[in-house]
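Chemist: Can you keep this structure in mind? I'll have questions shortly.
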Amino acid sequence: MQTDTYGPVVQPLISIIITILNGEKSITNCLRSIVEQNFVDYELVVVDGGSIDRTLSIINESHITNKTVRVSPGIGLYAGLNAGIGLAKGHWLYFMGCDDELYDSNTLQKVADAIKSKQKDVEVIAGNVQYLREGFVFRPKLGSPYLLHYKVHHQGMFYQRSVFEELMYDEDLSVSSDYKLNLKLALKKTPHQYIDAIICNFGEDGISNTQIKRSSREIHDIHGKLFTGLARPWVVNYFKFQRLILLTRRRLNLVNLKSRMKRFMGGKT
């Protein structure tokens with residue numbers, strides 16, 4: 001196990017945490033999107049699972065001076081995120097995949113402005129995420145989790161570090177631990193604030209996006225454990241129904257039909 005720290009030991013406003021394994025093909029663009037930020041009060045924390053390609057060389061050669069790199073061979077995704085939380089010094093934490101990119105050079109500044117102007121009790125800031133491949137923008141919904149109207153995207157979330165004094169990622173899950181963490185926050189009514197800005201271009205090659213069936217099984221089990229009483233069968237069955245509709249739309253290539261119709265009619269997506 002190895003930890004290297006570069007730059008001054010300070011408490012930045014934002015810690016960006018990345019877990020990675022053999023990501024040389026995508027990490028360069030990810031790091032470039034961070035380097036190009038106009039906002040500089042951040043640090044980068046990378047937990048590497050034992051890459052054998054040029055991943056570590058690319059990270060160490062980047063122009064990000066305030067960074068910490070830990071090499072933990074064989075560490076899993078969510079164990080890596082938990083390790084990153086332990087290493088991070090920032091007031092607010094943000095998690096990226098190595099194939100994600102911050103949307104533009106003003107992204108962190110917009111988030112910092114939202115943090116400075118937020119309501120006092122807000123612990124989570126949720127923004128939009130751009131799906132480049134599928135051609136749409138995901139916008140969070142902060143409604144009732146009991147009606148599955150609470151929908152957020154991990155790559156659009158900034159968490160005050162106090163969130164992780166009580167909660168951490170469930171390392172027993174393979175692909176949906178971020179979903180479980182966010183659902184717990186919703187159920188305990190942790191104050192959220194929406195920011196109308198695109199946070200990142202989502203790589204869409206992440207584990208949860210490529211293992212849809214496993215993700216569905218894990219989310220089904222999460223609902224069964226976190227919801228109680230009459231809410232449990234309602235949410236579990238409603239989720240099954242929603243997934244069936246989504247899979248049918250995917251099979252018929254109708255996922256983006258609404259957006260395509262809006263573009264055809266000259267409207268906004």
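Chemist: Net charge near S216, counting Lys/Arg +1 and Asp/Glu -1 over other residues with Cβ under 11 Å of its Cβ? The partial results should precede the final answer.
Modeler: Working: positive: K213, R214, R217, K240, R243; negative: E218, D221.
With Lys, Arg at +1 and Asp, Glu at -1, the net is +3.
Chemist: Need one number for the range 89-163: average projected area of the convex hull over its C-alpha atoms, nm². Write down the numbers at each step before the final one.
Modeler: On the way: hull surface 25.3 nm².
Mean projected area for the range 89-163: 6.3 nm², to one decimal.
Chemist: Something else now. How long is the range 123-194 along each principal axis, judged by its Cα atoms, biggest number first, in Å?
Modeler: For the range 123-194, the Cα extents along the three principal axes come out at 36, 26, 25 Å.
Chemist: Under a 1.4 Å probe, what is the accessible area of the chain per residue, stated in Å²? Mind showing how you got there, number by number?
Modeler: Details: 13790 Å² over 269 residues.
For the chain, the per-residue accessible area is 51 Å².
Chemist: For the range 63-198, which whole percent of the accessible surface, found with a 1.4 angstrom probe, sits on carbon and sulfur atoms? Don't jump to the answer; show the numbers that get you there.
Modeler: Working: 2890 of 5910 Å².
Using a 1.4 Å probe with all protein chains present, the range 63-198 comes out at 49 percent carbon and sulfur.
Chemist: Sequence neighbours fewer than 8 away in the same chain don't count; with that in mind, list the lysines whose C-alpha is under 24 Å from K67.
Modeler: Straight-distance partners of K67: K25, K89, K110, K116.
Chemist: Given points 7 Å out from each Cα along the Cα-Cβ axis, report the T228 to D196 separation in nanometres with one decimal.
Modeler: In this crude spin-label approximation the distance works out to 3.9 nm.
Chemist: Sticking with this one: Among residues other than D41 whose Cβ falls under 13 Å from its Cβ, what is the net charge (Lys/Arg +1, Asp/Glu -1)?
Modeler: Working: positive: K89, K116; negative: E43, D113.
Computed value for this residue: 0.
Chemist: Right, another one. Quote the FRET efficiency, to the nearest 0.05, computed for R161 versus V35 with a Förster distance R0 of 22 Å and r equal to the Cβ-Cβ distance.
Modeler: Efficiency, from the Cβ-Cβ distance: 0.40.
Chemist: Here is a further query. Between T248 and V122, with labels modelled 7 Å along Cα→Cβ, what's the label distance in nm to one decimal, could you check?
Modeler: 3.8
Chemist: Can you give the net charge of the other residues whose Cβ lies under 10 Å from the Cβ of L226, counting K and R as +1 and D and E as -1? Numbers along the way, then the final one.
Modeler: Values: positive: K180, K184, K225, R232; negative: D221.
Around L226, the surrounding residues sum to +3.
Chemist: Follow-up. Check cross-link reach from K213 to the lysines: straight Cα distance under 18 Å, and skip same-chain residues fewer than eight apart.
Modeler: Reachable lysines: K180, K240.
Chemist: Can you tell me the order of 59-71, 34-46 when each peptide is scored by its average per-residue count of other Cβ atoms within 10 angstrom, highest first?
Modeler: Details: 59-71: 17.1, 34-46: 19.0.
Descending mean neighbour count gives 34-46, 59-71.
Chemist: A follow-up question, please. Whole number please: convex hull volume per residue of the Cα set in the chain, in Å³?
Modeler: Values: hull volume 37.5 nm³, N = 269.
Residue-normalised Cα hull volume stands at 139 Å³.
The values are calculated or read from the model by the stated rules, or taken from the named source; none is laboratory data. For clarity, every value in this text was computed on a predicted model and none was experimentally measured. Using ideal geometry, Cβ is built from the backbone for each residue, glycine included, and neighbour counts are taken over all protein chains shown. Areas reflect the complete protein model, heavy atoms only, side chains present, ligands, DNA and RNA absent. Shrake-Rupley method; radii C 1.70, N 1.55, O 1.52, S 1.80 Å.
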